[in-house]
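In what follows, a structure is listed as structure tokens, so that the remarks can point back to it.
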Amino acid sequence: MKKLFLLICINCQLSAAFCQQSTYWQQQVDYTIDVSLNDADHTLDGYISMQYYNNSGDSLHFIWFHVWPNAYKNDKTAFSDQLLENGRTDFYFSNNDDRGYINRLGFKVNGITSSIEDHPQHQDIIKLLLPEPLAPNTSTKIETAFHVKLPNNFSRSGHINQSYQITQWYPKPAVFDKNGWHEMPYLDQGEFYSEFGNFDVHISVPEKYIVASTGILKDEKKENGIKTLHYKQENIHDFAWFADKDFIVKHDTLQLKSGIIDVYAYHLKSGEALWKNALNNIKSAIITKSNWVGEYPYQIVTVVESPAKGDNGMEYPTITLISTPSDEKSLDFLINHEVGHNWFYGILGSNERKHPWMDEGINTYYDNRYAQLFYGNTKTEMIESKSGFIKNRMPDDLMKTLLQTIIKNKKDQPIETASSEFSYLNYGLIAYTKTGEWMKLLEKEMGQSTFDDFMHAYFNKWKFKHPYPEDLKDLATEKTGKNMDALFSLLHTKGSLNKPVKKDIRLAAFLNLKETDKHNYIFLSPSVGYNFYDKLMVGGLIHNYNLPESNFQFLITPLYATGSKKINGLGRISYNWHPGSNGQKAIISVAASKFTADEFTDSTNTKNYLPFRKIVPSFKYIFANSNPRSTVRKFIQWKTFLINETSLLFSRDTAQQL
């Protein structure tokens, strides 16, 4: 009887433990922050108080903290190393005045001064040692002063002269979830994962500055040339703000089913012409995603123009910063993409560093859907803005063509790859473009109506939470009643998502990258050349160099020389193949050329042109890199140069006549 009772107890405990493990939980951090900006030395001084709620089943003895301004402290950080790997040297060669850091930290936990430990590898991560264990279902108050030296804006945060981009600026607890701690260094390529909570923030700036911020402005006070703005926002996992003396503010409202929200655009004077329709662009982004995914839950949405040049942006809850592109259509696309991150990043708080496709790729699918709805295609404005000659020969989706190219070269990586492990090129082409294609396959498998129901269910179940890939898959299986293993396994494989089609051969003038997945082009164009002996040479260029590249490639350039009256030219034929799966490549080729190398006028006053001919057979093997991020190129190559050159031979007759 005792043994039976013991077995029953063990069974109950195991059942309880199983239920506890299968019950979703997440931590919460509520913030109260007071911060002031000193625009003379580009610094912040602040005080932060956090109420940290331990909703896990574990007692916590420490909390990892991100102190990401220290990523800009010197050239020995993960951020600096990654920039160099990606080909950027501006931070590495910057001086100390242009760099940044965070210091003057003095943590107290429930009023008790507490110690911190450095991370064994990263300067921008610290461990806060709790004076006593934080038990499950309890909370603790953590507070500290902090001082931040803002860097020049090398990556998202800092300043451009006296325009300020204040992001990732305060000590922030790392996420602790079912998979443990997620402490991570700041990276330029690779975004974030943070705990949800409520923010109460006071920002003090010189009165001349206009501030755009996360959250709702509750009140504003001015005293002695300083204004203090009070912002609040619930259910967010980050807080960013921007300050500039020259912002022009546009404001409107938008009626959603749940109520009216405020829509803001902050732009610089130089952007007035392009930003005239920005509020309508923001509204379109909000309306489409609210209809397709789930209604926007916050009371405000803001888009801010950055003084930085380029065509890029970065999102934060309720607010995004974007640099202005060259035309209105590109601005519309960029606003739609960055505002869309309020859903995929802001509301659905997946781990972007580990699973970037759950943010960037799903958002790209909705970018494509938006472009199809309003413009009838996914062609980017970068191509639209070119001349008609170029525009008519460029692909409808340049990123798709580039994706096909790296897949053909077997240098792609699986969609399910961490941000920091992607090569610089693959981060955009795989995490964004290929995932967008995968989402289109998912839509096709379900049908658009069922797909939209599925995404609404995903949004409603996981908003303000931390979904993982398996959560998306489980819900897809539930909604369709189908086994989704095959489709979701594509996230872990390389190669094209679409079956190849048999290509035909087409002649084209100069160049053409349209529908290269259907056509092998042979290009015809005029060509000219010149050298000292042949003078001006005119002829044609015939080749089949495409994107993606063909296995068999040729280039022939016959040229008529107006000086020598000879037919010259050059050519090359090659065949390449990929014997492995990681970018190994073998190339066998033959190149040839013929031109005039010298001339001679003989005793009859006849000019003789002396030809030069060269034939070069070769074989080249390019090795794969074990690390896809490596830029080292290793290969072996054999070449033989077969040269035939007609030259002059003079002899002297030494016979003497007597």
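The values are calculated or read from the model by the stated rules, or taken from the named source; none is laboratory data. Everything numeric here is computed off the predicted structure, so don't read it as measured data. FYI the Cβ positions are ideal-geometry reconstructions off the backbone, even for glycines, and counts take in every protein chain you see. For accessibility, only protein heavy atoms count, side chains too; no ligands or nucleic acids. Shrake-Rupley method; radii C 1.70, N 1.55, O 1.52, S 1.80 Å.
The residues of the range 496-594 expose on average 55 square angstrom of accessible surface per residue, using a 1.4 Å probe on protein heavy atoms.
Each Lys and Arg Cβ is given +1 and each Asp and Glu Cβ -1; about its Cα centre, the chain then shows a dipole of about 2600 debye.
Helical content of the chain, expressed as a calculated mean residue ellipticity at 222 nm, amounts to -6500 deg cm²/dmol (DSSP H runs of 4 or more residues, -39,500 (n - 2.57) each, divided by residue number, nearest 500). Each of the peptides 549-558, 159-168 was scored by the mean count of other Cβ atoms within 10 Å over its residues; in descending order, highest first, they stand as 159-168, 549-558.
Add +1 for every Lys or Arg and -1 for every Asp or Glu among the other residues with Cβ under 12 Å from the Cβ of Glu195, and state the total.
-1
Against the chain, whose longest principal axis comes from its Cα atoms, helix 469-480 is set at around 90 degrees.
Relative to the longest principal axis of the Cα atoms of the chain, the long axis of helix 448-462 makes an angle of roughly 50 degrees. The residues of the range 293-351 expose on average 21 square angstrom of accessible surface per residue, using a 1.4 Å probe on protein heavy atoms.
For the range 113-182, would you read off the P(r) tail past 16 Å as a percentage of all alpha carbon pairs? Roughly 64 percent, once rounded to a whole number.
For a straight C-alpha distance cut-off of 19 angstrom, the lysines reachable from Lys440 (same-chain residues fewer than eight places away being disregarded) are Lys289, Lys379, Lys400, Lys473, Lys479, Lys482, Lys494, Lys499. Assuming charge only on the beta carbon of Lys and Arg (+1) and of Asp and Glu (-1), the dipole of the range 52-103 about its Cα centre is about 100 debye to the nearest 20. Debye-formula intensities of the chain, expressed as log10 I(q)/I(0) at q = 0.09, 0.11, 0.12 Å⁻¹, are -0.88, -1.19, -1.35 (one equal scatterer per alpha-carbon, no solvent). Axis of helix 278-292 versus longest Cα principal axis of the chain: the two differ by about 70°, to the nearest ten degrees. Ordering 231-237, 135-141 by mean Cβ neighbour count within 10 Å, with the highest value first, yields 231-237, 135-141. In the range 262-390, the DSSP beta bridges split such that about 25 percent are antiparallel, to the nearest 5. How much of the accessible area of the chain, probe 1.4 Å, is carbon plus sulfur, in whole percent? Answer for the chain: carbon and sulfur cover 54 percent of the accessible area.
Extension gain, Glu421-Ser449: 0.36 nm per intervening residue step, less the Cα-Cα distance, totals 6.5 nm.
Electrostatic bookkeeping for Asn576 treats Lys and Arg as +1 and Asp and Glu as -1; over the other residues with beta carbon under 13 Å from its beta carbon, the sum is +4.
Here are some pairs, Lys108/Lys208; Lys232/Lys465; Lys73/Lys178; which of them have Cα atoms lying more than 23 Å apart in this structure? Show your work: numbers first, answer last.
Values: Lys108/Lys208 35 Å; Lys232/Lys465 20 Å; Lys73/Lys178 32 Å.
Over 23 Å Cα-Cα: Lys108/Lys208; Lys73/Lys178.
Ordered by 1.4 Å accessible area with all protein chains kept, Thr253, Thr631 run largest first as Thr631, Thr253. The value of relative contact order for the range 252-361, using C-alpha pairs under 8 Å at least six residues apart, is 23 percent. Phi angles across the range 232-243 convert, under the Karplus curve 6.51 cos²θ - 1.76 cosθ + 1.60 with θ = phi - 60°, into 3J(HN,Hα) values of 9, 7, 9, 6, 9, 10, 6, 8, 9, 8, 9, 9 Hz, Gly and Pro given as x. Protection proxy ranking of 50-60, 422-432, by the mean of other Cβ atoms within 10 Å over each peptide's residues and highest first, is 422-432, 50-60.
Taking 0.890 mPa s as the viscosity and 25 °C as the temperature, the Stokes-Einstein diffusion coefficient of the range 477-618 based on its alpha-carbon Kirkwood radius rounds to 128 µm²/s.
For Ile415, the residues whose amide H sits under 5 Å from its own are Thr493, ignoring neighbours fewer than 5 places away on the same chain, with H placed 1.01 Å from N.
Each Cα pair under 8 Å and six or more residues apart adds its separation to the average, and for the chain the resulting relative contact order is 8 percent.
Accessible surface for His251 stands near 90 Å², nearest 10, in the context of the full protein assembly shown (1.4 Å probe).
Secondary structure note: in the chain, about 85% of the DSSP beta bridges are antiparallel. Take every pair of alpha-carbon atoms less than 8 Å apart whose residues are at least six positions apart; their mean separation over the length of the range 172-234 yields a relative contact order of 31 percent. Counting only residues at least eight positions apart within a chain, or on another chain, the lysines with an alpha carbon under 21 Å from that of Lys566 are Lys535, Lys594, Lys607, Lys614.
Toward the positive end of the charge dipole of the range 354-490, with +1 on the Cβ of Lys and Arg and -1 on the Cβ of Asp and Glu, the farthest Cα among Met399, Ile362, Met455 is that of Met399.
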